[in-house]
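Following: one structure in structure tokens, then a few remarks.
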Amino acid sequence: MSSSDRAEIRVLAISGSLRRASSNTALLRAAALLAPPGTTIELFEGLDELPHFNPDREHEACPALDRLRRAVAACDGLLFSTPEYAHGVPGSLKNALDWLVGGHEFTGKPVAVLNPSPHSTFAVASLVETVRTMSGRLVEAGSTTVALRSSKLSPEAIAAHADVAPAIRGALGAFARAIEAYRCDPNYLPPTREP
Ligand SMILES: Cc1cc2nc3c(=O)[nH]c(=O)nc-3n(C[C@H](O)[C@H](O)[C@H](O)COP(=O)(O)O)c2cc1C
């Protein structure tokens with residue numbers, strides 16, 4: 001089957017950084033440029049509009065939460081990239097995930113994680129633990145750590161970077177193949193790394 005025969009794969013990208021010049025957000029925007037044919041990667045913007053998670057308010061109307069829940073429900077897979085703050089996941093990202101715990105939107109979604117810093121291992125490990133606990137399907141072969149080194153690279157510069165672009169492209173290809181495999185077989189188990 002060629003890529004043109006397949007239904008489009010829609011990936012929702014979520015950055016754990018609210019910074020305007022965020023390297024994690026730039027990495028996700030670069031991923032959108034490097035996505036394989038038939039795959040679109042759209043960045044979710046609005047983490048900072050979400051209220052603080054409070055189980056008492058889970059059933060209240062909230063446009064910002066509706067937007068998050070609709071975007072997660074509509075995607076075929078989720079791609080994260082997050083900074084590490086004091087060895088943890090930024091509160092704004094964990095807050096967004098906490099709002100999704102009680103719903104059905106996240107359950108069973110294929111998930112991949114990009115990491116722009118080899119030093120930041122705690123936040124990725126914590127995010128992976130949360131994703132698995134929330135019944136997301138982590139695709140290890142679709143996840144990768146790169147060394148961006150500079151936090152000032154534009155998405156275009158990252159996408160053209162000889163040291164990091166091939167790893168991102170490879171991970172995204174593996175992620176798209178895993179999403180495709182889940183479509184055919186919901187019990188598919190992704191390889192821990194590409195064969
Ligand atoms: C408050 C704060 C705490 C941080 N703690 C860590 C840490 O524990 N480990 C680490 O590797 N980097 C840490 N950093 C560095 C950030 O993870 C790093 O600057 C990251 O690239 C920022 O991502 P961004 O450019 O997407 O905003 C910290 C930065 C800040 C501002």
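Details
- For Y85: the one exception among (1) within 16 Å of the ligand (Cβ to nearest atom); (2) hydroxyl-bearing (S, T, Y); (3) open to solvent by less than 30 Å² (accessible area, probe 1.4 Å): (3)
- Within the range 148-195, the residues that satisfy the criterion of being in contact with a helix residue (DSSP H, G or I) (Cβ under 9 Å, 6 or more places away or on another chain) and among the basic types (K, R) are K152, R169, R177, R193.
- Single unsatisfied condition, S92 versus (1) small (G, A, S); (2) open to solvent by less than 10 Å² (accessible area, probe 1.4 Å); (3) within 14 Å of the ligand (Cβ to nearest atom): (2)
- Here A176 meets the list (1) touching a Leu at 6+ places or on another chain (Cβ under 7 Å); (2) in contact (Cβ under 8 Å) with a residue 60 or more places away in the chain almost entirely, failing just condition (1).
- Within the range 33-58, tally of residues that are away from the ligand (no atom under 16 Å from the Cβ), closer than 20 Å to L153 by Cα and open to solvent by less than 70 Å² (accessible area, probe 1.4 Å): 3
- F80 falls short on exactly one of the conditions (1) within 16 Å of the ligand (Cβ to nearest atom); (2) free of Cβ contacts under 8 Å to residues at least 40 places away in the same chain; (3) buried (at least 21 other Cβ atoms within 10 Å of the Cβ), and that condition is (2).
- Of the helices (runs of 4 or more DSSP H) that lie entirely inside the range 95-195, those containing 3 or more residues that are open to solvent by 50 Å² or more (accessible area, probe 1.4 Å) span 122-133, 165-184.
The values are calculated or read from the model by the stated rules, or taken from the named source; none is laboratory data. Not measured: the values here are computed from a predicted model. All Cβ positions, even for glycine, are placed from backbone atoms using ideal geometry, and neighbour counts span all protein chains on display. Surface areas here come from the heavy atoms of the whole protein model, side chains and all, with no ligands, DNA or RNA. Shrake-Rupley method; radii C 1.70, N 1.55, O 1.52, S 1.80 Å.
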